[in-house]
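Here's the structure we're looking at; comments come further down.
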Amino acid sequence: MNRLVLQFFLTVSIGVLIGWFTNYLAIKLLFRPYKEINLLLFKIQGLIPKRKDEIVENIAEVVEKELISISDITEKIQDAHIDEEVIDGLLDKIIGEKLQNSILEKNPLLKMLVNDSMIEKIKSYFKKAILENKDEIVSEIIRIAEEKINIKEIMTEKMHNFSLEEMEKIILTVSKKELKHIEIIGGILGGIIAVFQFILLIILNQV
């Protein structure tokens, strides 16, 4: 009886170990090895390194189609309310700071002619022009964005610049708990299979 109990625990323990290790190895093989290794009869390389380009293209395409597109961005731009405070702040930076610090400081003679009152008049003129043509300005920004910005291209370029080590770190950080659960489930399933194998062997030995 004691021998039978020992055999049971050994069989189940080995089953749990094999089940856990199989899933652990499968997870590791998602990333490793980074470079292809030739083992004479076959070659081995991590799934993600081997299909990195295809994975990057697919992720970028899904993000552009399902999550965010240039149309979503331009729609938000169109809905955005550009008030006078925003324009004032922008003109203060462009005309106030740039004109005073970059141009007038370098041209003492011009600085004598252009006083604070004239700067305020210039800002007021541009402010009025921007407010009167706000819709046209926004439409032109949207047109340029739609022509020049390619979300898929930007994402593809960024992800291609990720090293395999960075990709592995990101994926493991995001899905660490889930991957650990997969390992545990592998051990549990291995143990369950081992129990059934042990029972089956006992039945067969008694036949």
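The values are calculated or read from the model by the stated rules, or taken from the named source; none is laboratory data. Please read these numbers as outputs of a predicted model, since none were measured by experiment. Every residue, glycine among them, receives a Cβ derived from its backbone with ideal geometry; neighbour counts consider all protein chains shown. We work out accessible area using only protein heavy atoms, side chains counted, and drop any ligands, DNA or RNA first. Shrake-Rupley method; radii C 1.70, N 1.55, O 1.52, S 1.80 Å.
When +1 charges are put on Lys and Arg Cβ atoms and -1 charges on Asp and Glu Cβ atoms, the dipole computed for the chain relative to its Cα centre reaches about 1420 debye. Computed 3J(HN,Hα) for the range 124-136, one whole-Hz value per residue from the Karplus formula 6.51 cos²θ - 1.76 cosθ + 1.60 where θ = phi - 60°, is 5, 5, 5, 4, 4, 5, 5, 5, 5, 10, 4, 4, 5, glycine and proline marked x.
Treating r as the C-beta distance of S117 and E85 and R0 as 22 Å, the FRET efficiency rounds to 0.50. Note on K35 and N161: the model spin-label points, each 7 Å out from Cα along the C-beta direction, lie 2.5 nm apart.
These residues, L131, L17, L47, go from largest to smallest accessible area, 1.4 Å probe, as L17, L47, L131. Accessible surface area normalised per residue over the chain is 77 Å², counting heavy atoms of protein chains with a 1.4 Å rolling probe.
Taking every DSSP helix (H) stretch of at least 4 residues in the chain, weighting each as -39,500 (n - 2.57) and dividing the sum by the residue count yields a mean residue ellipticity at 222 nm of -23000 deg cm²/dmol. Once both labels are positioned 7 Å from their Cα atoms along Cα-to-Cβ, the gap between I149 and I188 label points is 4.5 nm. Taking the accessible area of the chain, probe 1.4 Å, and keeping the other protein chains in place, the carbon and sulfur fraction comes to 63%. Compute the long axis of helix 164-174 from its Cα atoms, compare it with the longest principal axis of the Cα atoms of the chain, and write down the angle in degrees, 0 to 90, nearest 10. Helix 164-174 sits at roughly 80 degrees to that axis.
With every protein chain in place and a 1.4 angstrom probe, the accessible-area ranking of E147, E168, largest first, reads E147, E168. Subtracting the Cα-Cα distance of S139 and V195 from their residue separation scaled by 0.36 nm leaves 13.2 nm. Among the protein heavy atoms, those of R143 account for about 100 Å² of accessible surface (1.4 Å probe, every chain in place).
In the structure shown, the pairs K152/K176; K50/K158; K43/K152 are assessed against 30 Å; a Cα-Cα span above that value is assigned to K43/K152.
Remark: the range 45-59, residue by residue, has Karplus-estimated 3J(HN,Hα) of 7, x, 4, 5, x, 5, 10, 4, 4, 5, 5, 4, 4, 5, 4 Hz, where x stands for each Gly or Pro and the curve is 6.51 cos²θ - 1.76 cosθ + 1.60 at θ = phi - 60°.
Note on F162: accessible area is roughly 80 Å² with a 1.4 Å probe, heavy atoms of protein only. For the set Y125, Y24, Y34, solvent exposure ranked by accessible area (probe 1.4 Å, protein chains only) runs largest to smallest as Y125, Y24, Y34. Given a 1.4 Å probe and the protein chains as shown, E157 ends up with an accessible area of around 110 Å².
Across the options M155, I122, S139, the greatest Cα extent toward the positive end of the charge dipole of the range 121-178 (unit charges at beta carbon of Lys, Arg, Asp, Glu) belongs to I122.
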